[in-house]
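What follows draws every value from the coordinates through simple rules; no lab data is involved. Model, not experiment: these values are computed from the prediction. Please note: Cβ atoms are built from the backbone with ideal geometry, for glycine as well, and neighbour counts cover all protein chains shown.
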Amino acid sequence: MKLSLPLVNGQEVTVQPSKIVALGLNYLDHIKESQSVNVQNFTGEIPTEPVLFPKTPNVLVGPGDPIVLPSLLKEYAFENCRTDYEGELAILIKNQIKNVSEDEAMEHVLGFSCFNDVSQRNFQRSDKSGWYRGKSLDTFGPIGPVIVSPSAIGDPQNLHIQTRLNGKVVQDANTGHMIFKIPQIISFISRNFTLEPGDIIITGTPSGVGPLHPGDVVEVEIEHIGVLKNPVIAE
């Protein structure tokens, strides 16, 4: 999957990652709502190292594109079928890196964007393989509206992040509340996997996650980046 996004103060960038590496449990207040999220391996314990999981590139859609709740879900007849929004800061990697130090990490960032880590909770609870399927259904990764370079973002560890559902504020936090900071995240991931140009890292969500329904409109806004707005439809 690939899409184009404008780079602030620059040309359009084709977003076509080889992988999307996501962080779970990276905001303390989100950890505290583990009972309401109620998925396997989501507990109230504070992690001692970044908790990683994959999203596959087929999730990517741009600003204004619909988040599609798949018809497949009807076949399961879940008693409480729940697919959630999760507003997050995304990092796009500039070049191939492996085993970078925290001091070097920011040199390898192409830019930052808004991301919605849409998550199908019933699959996250029931799939024996874990979170893979529930995080990687088609359209479950809106990104945009632009990519902001490190030189233009200011302090990426001090950005207001807010999610709105149908105009109502449902998540409201600051990237400074992350448990693992951006250089730590990039360094840790690069020690485990070679990161390629265009790869995306999503840095975790604050508290306030909740369900999406057809007809909803969800917005993720991050300071100095803008508003990522997507409607929700049923397949």
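Rounded to the nearest whole Hz, the Karplus-based 3J(HN,Hα) values (6.51 cos²θ - 1.76 cosθ + 1.60, θ = phi - 60°) of segment 198-203 follow the sequence x, 4, 10, 10, 10, 9, with x at glycine and proline. Among the trypsin sites (Lys or Arg not before Pro) in segment 84-126, those located in a DSSP loop and surrounded by at most 15 other Cβ atoms within 10 Å of their own Cβ are Lys98.
Dipole check for segment 83-235: with +1 at the C-beta of Lys and Arg, -1 at the C-beta of Asp and Glu, and the Cα centre as origin, the magnitude is about 400 Debye. About the centre of its Cα atoms, segment 163-216 shows a dipole size close to 160 debye [charges on the beta carbon of Lys, Arg (+1) and Asp, Glu (-1) only; nearest 20 debye].
Rounded, prolate or oblate: which fits segment 112-196 when a ≥ b ≥ c are the square roots of the eigenvalues of the alpha-carbon gyration tensor, with rounded for a/c under 1.5 and prolate only if a/b beats b/c? In terms of gyration-tensor shape, oblate.
For the chain, DSSP calls about 85 percent of its internal beta bridges antiparallel. The Rg/Rh ratio of segment 94-147, with both radii computed over alpha carbons and Rh defined as the Kirkwood radius, is 1.13. Measuring spread by the Cα atoms of the chain yields a radius of gyration and Dmax of 16.4, 50 Å. Simple rule: put +1 on each Lys or Arg Cβ and -1 on each Asp or Glu Cβ in segment 3-234, find the dipole, and look at Val51, Ser113, Ser4; the Cα lying farthest toward the positive end is Val51.
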